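Asks: Take a look at this one; I'll ask things after.
The values are calculated or read from the model by the stated rules, or taken from the named source; none is laboratory data. All values derive from a computational prediction rather than experimental measurement. Every residue, glycine among them, receives a Cβ derived from its backbone with ideal geometry; neighbour counts consider all protein chains shown. Heads up: the accessible areas ignore ligands, DNA and RNA and are worked out on the full protein's heavy atoms, side chains in. Shrake-Rupley method; radii C 1.70, N 1.55, O 1.52, S 1.80 Å.
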Amino acid sequence: MKGQGSYVPPPYIPLGQSEVEEDGVRQSDELPAQRQTSDGPEQWSSGICACCDDMQSCCIGLFCPCFLFAKNAEFLGSGTLIGSCTTHFILCGLANILCCLLTDGILLGLPGCFVACYACGYRRALRTKYNLQEAPCGDLTTHLFCHLCAICQEYREIRDKSGNSNQSDLKLAVVTAPPVQTMGSGSEK
């Protein structure tokens, strides 16, 4: 994240390539963050575990992940806020409860597979849009094992790439009380 921390994710090394080969390709006087990425995928602006760099999205991602997921999907043009939030909630929340209750907890992780299959498509679309690496691992694996961290990382990336990293669009609605009303008797005219 720009201006909020000094974390720079480590360079991505594809599985078929060793660190020695990576060092041979990179010029010795360049830092990993300064590499030219026009011919290959770019690094994510923050790591998968850098959730605490942005506490607001971290808390929303932890306590209401369907909302943060829906914000990401809405930005990618893959649905409405309400539709994506509802779909995520049904796949994750309700399916988890049903699997836990109906199988005495044996199939508790099954809904996570459904959510990971659904969410990895959005991560793939985000990577394609911004030419990002498939890191730290595949999209399905990332959402299967680190779903909450993944949606927070995706939100941070969208916010950083869209240029409004200083302001958050996760503002909660401000609720004001109505004015005090009094009732009068019908005989007063």
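Asks: In square angstrom, what is the accessible area per residue of segment 68-153 with a 1.4 angstrom probe?
Replies: Numbers: 4240 Å² over 86 residues.
Using a 1.4 Å probe on heavy atoms only, each residue of segment 68-153 averages 49 Å².
Asks: Extension gain residue 162-residue 140, at 0.36 nm per residue separation less the Cα-Cα distance, in nm?
Replies: Numbers: separation 22, 0.36 × 22 = 7.92 nm, distance 2.45 nm.
Residue separation times 0.36 nm, minus the Cα-Cα distance, leaves 5.5 nm.
Asks: Over the Cα atoms of segment 50-169, how large are the radius of gyration and the largest Cα-Cα distance (Dmax), in Å?
Replies: 14.3, 47
Asks: Calculate what fraction, in whole %, of the accessible area of segment 50-169 sits on carbon and sulfur atoms when a 1.4 Å probe is rolled over the protein chains. It would help to have the intermediate numbers written out before the result.
Replies: Working: 3980 of 5830 Å².
Taking all protein chains in place, segment 50-169 shows 68 percent carbon and sulfur surface.
Asks: Would you pull out the residues with amide H under 5 Å of residue 132's amide H, same chain only if 5 or more places away, H placed 1.01 Å from N?
Replies: 42
Asks: Ok, one more. Pop a pseudo-label 7 angstrom from the Cα along the beta-carbon direction at both residue 52 and residue 106 and give the gap in nm to one decimal.
Replies: If labels sit at residue 52 and residue 106, their model points lie 4.0 nm apart.
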